[in-house]
Amino acid sequence: MFQEHRDRDEDQVEAYGADWDAGDGRGGADGGQDLHPHTGELAEVGALIEEDPLTALLAAPRRRKTPEEAAAAGVRGPGTPGTMQPGERASVLIVAQSSGPEDGIEEALDWIEAFERDCGLLLDTEATASFAVASADVLQDGLCPPRTESPAELVEFILFEGVWYHRGNVPAAPPDDNGVSAWGWMYHRAISGARPDALCSIWDVYPLPCPGQG
């Protein structure tokens, strides 16, 4: 079950489901420019990182890729705010393409950095936090076609197969859509279509308010 995160109400926290392991909800860790700001909160994400080698990896300093290095690897932000609003927290689902939790977390860190650099809004990057992680096979166990908008309604962006999706660029819902929007089906497609050993992670990002915004 998710742990309560900052100003999330209980219904939002529970809506994701019990198959995710909670992040610790802290903002970015302190450190020099060569240390990734999110390494600290990922050190306590739960059962997926109980093995000592992985815990050590997460606790160790990590050199951030330069924007040029990330771009050369095909890792870019969405280039648009989608439905994010200045001054309002938003959540991002990242479905890794790599195998296993170690590589999956490394990949997620690269993508969330790229998101921070190029999402169409200025973000409080010190506040970016990992909210939860889960192995795709755990989420896929017993997964059924969606019949409600939850939990897709809680995220503003989905990264799947190296493509950023938001509510304005998703494939159409199937003809028999169960009354669920294309966005709800996109969330289902991302989880069901992930490789079973892929890491899925949810991140909270914090767009800065516009000048004069309360």
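Each reported figure results from applying straightforward, stated rules to the coordinates on display, with no laboratory input. Fair warning: this is a prediction, and the values are worked out from it, not measured in the lab. Positions of Cβ are generated from backbone atoms using ideal geometry, with glycine treated the same way; all protein chains shown enter the neighbour counts.
Within region 164-172, identify whether any single residue is under 19 Å from Gln85 (Cα atoms) and in a strand (DSSP E or B), and answer yes or no.
There is at least one residue in region 164-172 that is under 19 Å from Gln85 (Cα atoms) and in a strand (DSSP E or B).
Looking at (1) hydroxyl-bearing (Ser, Thr, Tyr); (2) within 11 Å of Val95 (Cα to Cα); (3) more than 14 Å from the chain's Cα centre (by Cα), find the lone condition where Ser181 falls short.
(2)
Return only the number of the condition from (1) surrounded by fewer than 20 Cβ atoms within 10 Å (Cβ to Cβ); (2) over 18 Å from Ile112 (Cβ atoms) that Met186 does not satisfy.
Every listed condition holds for Met186 apart from (1).
Does region 179-191 contain any residue that is of a type in the set (A, V, I, L, M, F, W, C), part of a loop (DSSP other than H, G, I, E, B) and within 27 Å of Ala72 (Cα to Cα)? Talk me through it step by step, then tell me what you get.
The initial filter retains those residues of region 179-191 that are of a type in the set (A, V, I, L, M, F, W, C), namely 180, 182-183, 185-186, 190-191.
Pick out the ones that are also part of a loop (DSSP other than H, G, I, E, B) and you get 180.
Within this subset, residues satisfying the condition of being within 27 Å of Ala72 (Cα to Cα) are none.
No.
Restricting to region 151-161, and then to whatever is part of a loop (DSSP other than H, G, I, E, B) and surrounded by 13 or more Cβ atoms within 10 Å (Cβ to Cβ), can you tell me which residue is farthest from the chain's Cα centre (by Cα)? I'd like the intermediate steps shown before the answer.
Of region 151-161, the ones part of a loop (DSSP other than H, G, I, E, B) are 151, 155-156, 161.
Next, from what is left, pick out any that are surrounded by 13 or more Cβ atoms within 10 Å (Cβ to Cβ): 151, 155-156.
Working: Pro151: 13, Val155: 9, Glu156: 10 Å.
Across region 151-161, the extreme among qualifying residues is Pro151.
Hey, any hits in region 156-171 for a residue that's among the aliphatic types (A, V, I, L, M) and more than 16 Å from Gln97 (Cα to Cα)?
Yes - at least one qualifying residue is present in region 156-171.
Pairs please, first residue from region 184-195 and touching a residue at least 24 places away in the same chain (Cβ under 8 Å) and among the hydrophobic types (A, V, I, L, M, F, W, C), second anywhere and part of a helix (DSSP H, G or I) and surrounded by fewer than 21 Cβ atoms within 10 Å (Cβ to Cβ), Cβ atoms under 9 Å, 6+ apart in sequence or on different chains.
Ile191/Gln140; Ala194/Asp137; Ala194/Gln140
Could you count how many residues in region 64-74 are in contact (Cβ under 8 Å) with a residue 60 or more places away in the chain and surrounded by 14 or more Cβ atoms within 10 Å (Cβ to Cβ)? Write out each step before concluding.
The first filter runs over region 64-74 and keeps only residues in contact (Cβ under 8 Å) with a residue 60 or more places away in the chain, leaving 74.
Filter again for surrounded by 14 or more Cβ atoms within 10 Å (Cβ to Cβ), leaving none.
Number of matching residues: 0.
When residues of region 104-119 are filtered for being in contact with a Phe, Trp or Tyr (Cβ under 8 Å, 6 or more places away or on another chain) and acidic (Asp, Glu), how many remain?
0
I'd like to check something: does region 172-185 contain any residue that is touching a strand residue (DSSP E or B) at 6+ places or on another chain (Cβ under 9 Å) and over 30 Å from Glu126 (Cβ atoms)? Outline the logic, then answer.
Kept after step one, since they are touching a strand residue (DSSP E or B) at 6+ places or on another chain (Cβ under 9 Å), are these residues of region 172-185: 183.
Narrowing the set further to residues that are over 30 Å from Glu126 (Cβ atoms) leaves none.
No, because not a single residue in region 172-185 is touching a strand residue (DSSP E or B) at 6+ places or on another chain (Cβ under 9 Å) and over 30 Å from Glu126 (Cβ atoms).
Can you name the residue in region 106-146 that is small (Gly, Ala, Ser) and more than 17 Å from Gly87 (Cα to Cα) and is also surrounded by the most Cβ atoms within 10 Å (Cβ to Cβ) among such residues? Quick ask: steps written out before the conclusion?
Pass one, region 106-146, residues small (Gly, Ala, Ser): 108, 114, 120, 127, 129-130, 132, 134-136, 142.
Add one more test, that the residue is more than 17 Å from Gly87 (Cα to Cα), and what stays is 108, 114, 130, 132, 134-136, 142.
Numbers: Ala108: 26, Ala114: 22, Ser130: 28, Ala132: 26, Ala134: 25, Ser135: 22, Ala136: 22, Gly142: 7.
Only one residue fits best here, namely Ser130.
So which residues in region 120-137 are farther than 28 Å from Asp197 by Cα, in contact with a Phe, Trp or Tyr (Cβ under 8 Å, 6 or more places away or on another chain) and part of a loop (DSSP other than H, G, I, E, B)? Talk me through it step by step, then tell me what you get.
Looking only at region 120-137, we keep the residues that are farther than 28 Å from Asp197 by Cα, and these are 120-127.
After this cut, where a residue has to be in contact with a Phe, Trp or Tyr (Cβ under 8 Å, 6 or more places away or on another chain) as well, the list is 123-124, 127.
Once the filter is applied, which keeps residues that are farther than 28 Å from Asp197 by Cα, in contact with a Phe, Trp or Tyr (Cβ under 8 Å, 6 or more places away or on another chain) and part of a loop (DSSP other than H, G, I, E, B), region 120-137 yields Asp124, Ala127.
Does region 138-150 hold any residues that are in a loop (DSSP other than H, G, I, E, B) and either of a type in the set (S, T, N, Q) or touching a Leu at 6+ places or on another chain (Cβ under 9 Å) (or both), and which are they? Working first, answer last.
Taking region 138-150 as the starting set, the residues that turn out to be in a loop (DSSP other than H, G, I, E, B) are 141-150.
Matches in region 138-150: Thr148, Ser150.
With respect to Gly74, determine if the residue is farther than 26 Å from Glu153 by Cα and either assigned to a helix (DSSP H, G or I) or over 14 Å from the mean Cα position of the chain (by Cα) (or both).
On the way: farther than 26 Å from Glu153 by Cα: yes; either assigned to a helix (DSSP H, G or I) or over 14 Å from the mean Cα position of the chain (by Cα) (or both): yes.
Taking the combined requirement at face value, the residue satisfies it.
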